[in-house]
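What follows is a set of notes on a single structure, which appears directly below.
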C-alpha cells in the first residue's frame, strides 16, 4: 500500500466510524498535512470520545490491511478504556509488523487541550487550535508547526491564533498590524510585549517554549514510572499472536487493573507538576523571563474526571 | 461544529500582509522548497511529494521517526525487555 492509499485508508476509517456514530477526528501530523503544513509522519493520531471506545474497538476488529488483522501495538499500549484515557494515557494499534506496518494512535483526551475538543471539529479533522495545543511537546520539530497553525487561525478570523505564535519575528509583525484581544494578553503575557514592541519579546518567547517543553518532559517521566509494571505484566501474559483484538483487549484490561495507575499525573499532583516545570525552566532561562510565563492550568483541564 | 471564538475573517490588505508573514516564516522554518509544497501545491500534490520524501528516507536505509505519543513508550518497552532478559 503506498502512502496515498494509506492516507485514504485513514480517512475512510474515520468516515466508517462516523457512520457508526463514533465521535472522532484526526489530529497531529495528518491534520497538519490537511492544513497545508507538510509533516512526514505516516502515523495516524485519532481523537475519539471515550464513550465511543466500544464501537471503535468493534470497527478495528473488522478492519484488515494488506491481509493483516488489527492488533494492539507490542506490549506498550495501555487498553482502550475510558478509565485510563481520562488520566492522559493513549492506546496504540497496528496492522502488520516492521517498517511497512500501518499504525493508529488513539487519544480519548486531547493532551494539553484547554477546551473540550468535541466542540472544535472541522470535517474529518480536529481544528488547528487543538492540533496546536497538542503539539506543545519537547520535540524541536513541532514548534514551527504551532506558529503556522496559529497564523492560519488569525487569517481565518479566530483570535485563538494569538495563543500559538512562538516565532518572535512573526509575532511582532502580526502584532504591529492586527488587534489582539485583552483577555488573550492576560492569558499569555508575552502578547503584551509583542504589542508594545518590547525588545524582551525574544527572551520571553524562548522561556515560554522551554516551559512547555519541560512540562512535556516531566509528564513523560511520571508516566514512564507508572508504565513499567504494566509492561512487565503484559509481557508475562504472553498474549498469543493469533488472539483476536477483543481477547488482547481483555488481557490488557486485566493487566492494567492490577499494574497501571489510571491517572499518574493527578496522583503526582498537578500543582506539584507545574511547580517542577517552572523550577526546571528557571534553570534554563533568564530569571526575569519567568514573569512572562502563561497560565497553563486550563491546558491540564483534560485530566478532570 | 464551529470554533467558539469565531469572528470575521481577515480580508484585503490585512490578509495579504498575514499571508506574506506566513510565507516568510515557512521559508525560514522549512526552506523554500517545502514552503512551495505547503503554500502552492494542491493536497494531492502535497501527498505525492510526501510519498517521495518518505520513499527517499526508506531507500537510504533510515527509519521514519515514530510519533511523539509512541516514541517514549517504545523506549520504555526496550528498557523493560532488556531488564527482563537480564533477570531470565
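Taking Cα atoms, how many degrees apart are the long axis of helix A:201-237 and the longest axis of chain A, rounded to 10 and kept between 0 and 90? Approximately 20 degrees, to the nearest 10.
Please find, in a Gaussian network model of chain B (springs between Cα atoms separated by less than 10 Å), the residue of B:48, B:77, B:27 whose mean-square fluctuation is greatest. Largest GNM mean-square fluctuation: B:77. In the stretch A:3-119, Cα pairs under 8 Å separated by at least six residues give a relative contact order of 23 percent. Provide, for q = 0.16, 0.21, 0.23 Å⁻¹, the log10 of I(q)/I(0) from a solvent-free Debye sum over equal Cα point scatterers in the stretch A:25-110. Once normalised to I(0) and log-transformed, intensities are -0.65, -1.06, -1.20.
Kirkwood Rh over alpha-carbon pairs of the protein assembly as shown, then Stokes-Einstein at 4 °C and 1.567 mPa s: what D in µm² s⁻¹, rounded to an integer?
Details: Rh = 22.0 Å.
Translational D for this selection: 59 µm²/s.
Per residue, chain B reaches -24500 deg cm²/dmol at 222 nm when only DSSP H runs of four or more residues are counted, each adding -39500 (n - 2.57).
How would A:134, A:170 line up from fewest to most surrounding beta-carbon atoms within 10 angstrom?
Ordered by Cβ neighbours within 10 Å, fewest first: A:170, A:134.
When a footprinting reagent is the concern and you count Cβ atoms within 10 Å, what order do A:263, A:127 take, fewest first? If you can, show how the numbers build up before the last one.
Values: A:263 17, A:127 26.
The most exposed by this proxy come first: A:263, A:127.
Laboratory data are not the source of any read-out in this text; all were calculated from the coordinates shown. Predicted model, so just to flag it, every value in this text is computed and none were measured. Cβ sites come from the backbone with ideal geometry, for glycine too, and all protein chains shown count toward neighbours.
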